[in-house]
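Reading through the structure tokens given below for one structure.
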Amino acid sequence: MDYTFDPPSNHDLSSMYRSGRNAQKVWTENGIDYRIDILQKWKKAYESRSDELINALATDTGRIHETILEVETIPKSIDRWCDIAKELFGNSEPKLSSIPFIAMEQHTVPYSLVGVISPWNVPNLLAHIDAIPALLAGSSVIIKPSEFTPRFVEPLQHIVESVHELSDVLQYVQGDGNTGALLLDEVDLICFTGSVATGKKVGQQAAKNFIPAFLELGGKDAAIVLESANLEKAASAILWGSVVNAGQSCLSIERVYCMESVYNSFLSILTEKANAIQLAYPEMDSGQIGPIISPNQTEIIELHLEDAISKGAHVHRGGSIEHHGGGDWVRPTVLSQVNHSMKIMTEETFGPIIPIMSVSSQDEAIHYANDTEYGLSGAVFGEESVAKSIAKKIEAGAISINDAGLTSILYDGEKNSFKSSGLGGSRMGPTSIQRFFRKKVLYTNTNSQNDPWWFN
Ligand code: NAD
């Protein structure tokens, strides 16, 4: 079923900016307890219409398990942030500075209008991951989700309309990259999640406009499998980390470096496990992995597979694009005899592909893991202390040890994206809310005497 939307006119956008900025003044002045109450109202309204969201997202993405998870995660995220924000904003009481007669008060001043631009691979989660702390910090937010998965925006708008206190501080706008670029010229801070190529443009435009940009971009995560690894467990974790969401995750495991002494065993265990994974077709719950959501991505996956196979990669399972029910599908694809002359080992593929390369030493594994422009995350499997020492040498912001993709589940730890995978403060961890305000201090002289450092 086709779905179309009209991109906003300049007039529409101007009125969104105006109402967002106006409403933000009251939003921030009313204080943190008020904002928490309203976000809790939003949570209830959201939960009561979650079926509509699930239907819209499942229609656009062709998958159900991941959709349910990403819809369910937002209320949990609202609760988590409400708890954190209460503690964080609780105390602006005056206290003494290091000079006894000067009192000080620490305040926070939120950015007025925050823009969020998000991708199609996990549309709902990534539209809200930065918006929730920004709202609690006291900002007004305009979210522009990807034009490839637009259907869920209407139910989101209906939910926000039912909580009238939110309707001007949380706005959604449909549109493609042109709308994103227009938004960038008006907001005071931008949170962008998407590809490295677009992220670089966004970063440049933000620099021109002199606004902070938090860029969360692509990845080419490596997994390293040591001799000491539990191969069964490593294979299960890597398979999940690589093919869940059909590999369409920034933090997918996209390449594996396995010590040569356990290479053959690992390859055969992984291939056997990959054989058991089925396509979620003809029904969305027929199997574990859904279709490729964006046709552009299918072309990239096909190009990377062709390039690898033409250069000698051996396909143990999968290896081609299948067409079913009007969609493009890729079975979990296990490749051996791969090397770094192949795009599949160096460029982001964003599909359920697991190329496995044999390495003869830990140093070689580290060298190849770092032989990339990306630095998002990664994984190491093996005896804990050795795995940790290797993890510290990988140039990426989050490493799972004896597991994969833990940053998709845990929000506790802070992490930065290294190299071209991003820019700006951590989006994870409690302090990430500080991205949305400036700190301000008031110093008050409480002394009736002249300061000793003044001219006499
Ligand atoms: P994309 O860069 O093509 O588009 C992302 C968003 O940017 C869309 O909303 C798009 O309309 C908008 N856009 C396009 N041109 C723009 C411009 N000039 N100015 C402003 N906005 C513009 O990315 P995509 O294909 O939608 O998403 C897939 C990419 O996202 C992958 O590279 C993936 O790794 C990355 N990603 C990163 C993370 C992370 O947290 N690091 C999470 C999910 C996805």
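The values are calculated or read from the model by the stated rules, or taken from the named source; none is laboratory data. Bear in mind that the values here come from a model prediction, so they are computed numbers and not experimental data. Every residue, glycine among them, receives a Cβ derived from its backbone with ideal geometry; neighbour counts consider all protein chains shown. Side chains are part of the model used for accessible areas, which takes the heavy atoms of the whole protein and leaves out ligands, DNA and RNA. Shrake-Rupley method; radii C 1.70, N 1.55, O 1.52, S 1.80 Å.
Ignoring everything except DSSP H segments at least 4 long, calculate the 222 nm mean residue ellipticity for the chain; use -39,500 (n - 2.57) per segment, divide by total residues, nearest 500. Could the numbers behind the result be given before it?
On the way: 15 runs with 186 residues, N = 456.
Computed mean residue ellipticity for the chain: -13000 deg cm²/dmol.
For segment 221-408, the alpha-carbon coordinates run over 48, 32, 30 Å along the three principal axes, in decreasing order.
On a 1.4 Å probe surface of the protein chains, which of Asp363, Asp307 comes out largest in accessible area, and what is the full order?
Values: Asp363 110, Asp307 25 Å².
Solvent-accessible surface, decreasing: Asp363, Asp307.
Surface listing: Asp221, Asp51, Asp168 arranged by accessible area from highest to lowest gives Asp51, Asp168, Asp221, probe 1.4 Å.
Measuring r between the beta carbons of Gln337 and Thr59 and using R0 = 41 Å, the FRET efficiency lands at 0.55.
So the label point goes 7 Å from the Cα of Leu410 along Cα→C-beta, right? Which residues of segment 230-266 then have their backbone N under 19 Å from it? Of the residues in segment 230-266, 230, 233-242, 250-253 have backbone N under 19 Å from the label point off Leu410. The accessible surface of segment 81-194, taken with every protein chain in place and a 1.4 Å probe, is 50 percent carbon and sulfur. The residues of the chain present an accessible area of 44 Å² per residue when probed at 1.4 Å with all protein chains retained.
Surface composition of segment 221-408: carbon and sulfur make up 48 percent of the accessible area, probe 1.4 Å. Rounded to two decimals, the Cα-based Rg/Rh of the chain, with Kirkwood Rh, is 1.03. Judged by the gyration tensor of its Cα atoms, with axes a ≥ b ≥ c, segment 272-311 is oblate; a/c meets the 1.5 cut and b/c is at least as large as a/b. Extending 7 Å from the Cα toward the beta-carbon at both Asp37 and Asp51 defines two label points whose distance is 3.1 nm. Among the chymotrypsin sites (Phe, Trp or Tyr not before Pro) within segment 355-456, those in coil by DSSP and having at most 13 neighbouring Cβ atoms inside 10 Å are Trp453, Trp454, Phe455. Computed over protein heavy atoms with a 1.4 angstrom probe, the accessible surface ordering of Arg21, Arg63, Arg317, largest first, is Arg21, Arg317, Arg63.
Using R₀ = 41 Å, calculate the FRET efficiency as 1/(1 + (r/R₀)^6) where r is the Cβ-Cβ separation of Asp371 and Met284; round to 0.05. Intermediate values should be presented prior to the final figure.
Values: r = 38 Å, r/R0 = 0.93.
Using R0 = 41 Å, I get an efficiency of 0.60.
Calculated FRET efficiency, Asn447 to Ser268, Cβ-Cβ distance, R0 = 51 Å: about 0.05 to the nearest 0.05.
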